[in-house]
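Engineer: Supplied in structure tokens, the structure appears directly below.
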Amino acid sequence: MARVFWLTLFASAWLWAQAPAPAPQEQEPPEEDTALTGVKEYAFNPLQAEKELKIGNFYAKKSSWKAATMRFREAVRWNPGLAEAWLRLGECLERSKDKKGAREAFAKYLEIEPEAKNAAEIKKRMGS
């Protein structure tokens, strides 16, 4: 009887050692980790907006309209009241043949700066 007990114990231990180990499961990142979700939250940050505006102007001088447009969009997300960024965004969208987007950006510019020196010119560009 003892022999059967030890034989059964030995066989079960051997079978347990031969079983494949379960694969480790990947853990999901915590929900507050926005770097992995790709969602960026914007808060009023005039310094960041000015930085994006300068970089956008650099790209615009190089006639890289897509890159400049992206930077000007970032600038107005950081500071929606930055009139120059709206104006530059409208100009880039106009050069990229996005008439609707350009009109919206120019309208926002005129909303912020209704007495701007170039207001008449911008209104004319919006009408075309």
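The values are calculated or read from the model by the stated rules, or taken from the named source; none is laboratory data. Given the structure is predicted, the values throughout are model-derived calculations rather than measurements. Counting neighbours? That spans all protein chains shown, and the Cβs are built from the backbone with ideal geometry, glycine included.
Engineer: Let me spell it out: the conditions are (1) at pLDDT below 95; (2) more than 18 Å from Lys124 (Cα to Cα); (3) out of contact with any Lys or Arg (no Cβ under 8 Å at 6 or more places or on another chain); (4) part of a loop (DSSP other than H, G, I, E, B), and Lys97 meets all of them except one. Which number is the exception?
Structural biologist: Only one criterion is unmet by Lys97, namely (2).
Engineer: Let me confirm something: among Asn45, Asn57, Asn79, which residue is free of Cβ contacts under 8 Å to residues at least 60 places away in the same chain, under 13 Å from Lys108 (Cα atoms) and among the polar types (S, T, N, Q)?
Structural biologist: Asn79
Engineer: So Glu111 ticks every box in (1) at pLDDT 95 or above; (2) among the charged types (D, E, K, R); (3) not in a helix (DSSP H, G or I) but one. Which box is left unticked?
Structural biologist: Only one criterion in (1) at pLDDT 95 or above; (2) among the charged types (D, E, K, R); (3) not in a helix (DSSP H, G or I) is unmet by Glu111, namely (3).
Engineer: Going by what's in this entry, would Arg71 be described as without any contact (Cβ under 8 Å) to a residue 24 or more places away in the chain, crowded, with 19+ Cβ neighbours inside 10 Å, part of a helix (DSSP H, G or I) and under 20 Å from the mean Cα position of the chain (by Cα)?
Structural biologist: yes
Engineer: For the range 31-63: of the residues being modelled with pLDDT of 90 or more and hydroxyl-bearing (Ser, Thr, Tyr), which is farthest from the chain's Cα centre (by Cα)?
Structural biologist: Ser63
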